[in-house]
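The values are calculated or read from the model by the stated rules, or taken from the named source; none is laboratory data. Everything numeric in this text was worked out from a predicted model, so none of it was measured. Positions of Cβ are backbone-derived with ideal geometry, glycine not excepted, and every protein chain shown enters the neighbour counts.
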Amino acid sequence: MNKKKYNKLVSVVFLLSVLTLTGFSAENVVQSKWTTQPLTVDGLDDEWKGDEMASEKKVQVDFAFRNDAQNMYVLFIFKDPKFMSSINATGITLYYNTEGKKKKDHAFHFIKKKVTGEELLAYLEKRGEVLTEQQMQSIIPTNTYSVYMTERTGKKDKKISITEPIPADLNPGFKIKKKGDGFIYEFRVPLIKSEISPRGMGIEPGQSLKIGFEWGGMTEALMKQLRAQPSGRGDVSTESRPGSVIDSSRGGATGAPRSASGKMPKKHAFWIDIKLAQDQ
């Protein structure tokens, strides 16, 4: 065996041992793909053409990861809407850690909600976004808007105080689009954690992560709604403007459908191991 082959073998063995010691399953690690350009988070899969998709068969979901030095991007496709459960009302939570364990200490919660103009302005201010005078005037306090909202919700995530304006691409974000019989969820999660990116994960390219996705089930608000309207239905509004947390479309009710058998909506969750890419 020549020296080059020997060094390569040693590197592979070392990587496998590290993954095993940290709790990651070397056989099932999903590899993120390096992107040289920031992705447009618009709920479309055009920029993901050619990427290899992983699958979670029990909920009929396909997914893929990309990252650059600044953000992690996730494409999450529901192929069968019946597994979306009450996701409109509960949103979807992304948990993460570098320990290879199913821990919920750190998380991002993504949900599309209807809010008043006043609530929208408060939310944008909390995110650290700076609006132009024209944008401010376009938001009428008494009107209702559909908004793609994100929050840090992990058990150990401290309350974040925004003291400086945050560039839009350093805030977490997501969008939803309907495709055929299914739905596409596209996420942006900031890797960098700093003064100008306080909501970042604090993760570097090349690191391994355990990531969990969770959605559906019941909430207190849903319980009240279902008692008042047992046969209520929910739908997902899918029209949006790329680059904006505001949905310009009408509709987007946050209902919780019962199944035909009358059962309450089910909570779904699964965990995966991923390896972030590094710039080559």
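What to note about this one:
- Against the conditions (1) modelled with pLDDT under 95; (2) surrounded by 14 or more Cβ atoms within 10 Å (Cβ to Cβ); (3) under 20 Å from P81 (Cα atoms), D181 satisfies every one except (2).
- So V30, is it among the β-branched types (V, I, T), buried (at least 18 other Cβ atoms within 10 Å of the Cβ), modelled with pLDDT of 95 or more and assigned to a strand (DSSP E or B): no
- Selection within the stretch 42-76 - out of contact with any helix residue (DSSP H, G or I) (no Cβ under 9 Å at 6 or more places or on another chain), part of a loop (DSSP other than H, G, I, E, B), more than 14 Å from S32 (Cβ to Cβ) and of a type outside the set (A, V, I, L, M): D42, G43, D45, K49, G50
- S146 surrounded by fewer than 16 Cβ atoms within 10 Å (Cβ to Cβ) and among the polar types (S, T, N, Q): no
- The residues of the stretch 36-59 that are touching a residue at least 40 places away in the same chain (Cβ under 8 Å), of a type outside the set (G, A, S) and in contact with a strand residue (DSSP E or B) (Cβ under 8 Å, 6 or more places away or on another chain), listed by number, are P38, L39, V41, D42, L44, D45, E56, K58, V59.
Residue-wise test of (1) hydroxyl-bearing (S, T, Y); (2) touching a Pro at 6+ places or on another chain (Cβ under 6 Å); (3) surrounded by fewer than 21 Cβ atoms within 10 Å (Cβ to Cβ); (4) at negative phi.
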position	(1), (2), (3), (4)
T40	yes, yes, yes, yes
L44	no, no, yes, yes
G50	no, no, yes, no
Q60	no, no, yes, no
A69	no, yes, yes, yes
L75	no, no, no, yes
K79	no, no, yes, yes
S85	yes, yes, no, no
N88	no, no, no, yes
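- Filtered residue count, the stretch 96-124, keeping only those that are in contact with a strand residue (DSSP E or B) (Cβ under 8 Å, 6 or more places away or on another chain), more than 13 Å from F187 (Cβ to Cβ) and not in a loop (DSSP other than H, G, I, E, B): 8
- Test set (1) surrounded by 17 or more Cβ atoms within 10 Å (Cβ to Cβ); (2) modelled with pLDDT under 95; (3) aliphatic (A, V, I, L, M) - I211 fails condition number: (2)
- Top-ranked residue in the stretch 110-122 [being out of contact with any Pro (no Cβ under 8 Å at 6 or more places or on another chain) and buried (at least 19 other Cβ atoms within 10 Å of the Cβ); ranked as farthest from G216 (Cα to Cα)]: L120
- Screening the candidates S237, S231, S161 for the property of being at pLDDT below 95, over 21 Å from S86 (Cα atoms) and either of a type in the set (G, A, S) or in a helix (DSSP H, G or I) (or both) yields one hit, S161.
- Criterion: closer than 26 Å to K266 by Cβ and not acidic (D, E) - qualifying residue of Q137, Q225: Q225
Each row is one residue, and each column tells you yes or no for (1) closer than 25 Å to E119 by Cβ; (2) of a type in the set (A, V, I, L, M); (3) touching a strand residue (DSSP E or B) at 6+ places or on another chain (Cβ under 9 Å).
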site	(1), (2), (3)
T144	yes, no, yes
T150	yes, no, yes
K155	no, no, yes
P165	yes, no, no
P205	no, no, yes
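- Among the residues of the stretch 51-105, those identified as of a type in the set (S, T, Y) and under 15 Å from the mean Cα position of the chain (by Cα) are Y73, T90, T93, Y95, Y96.
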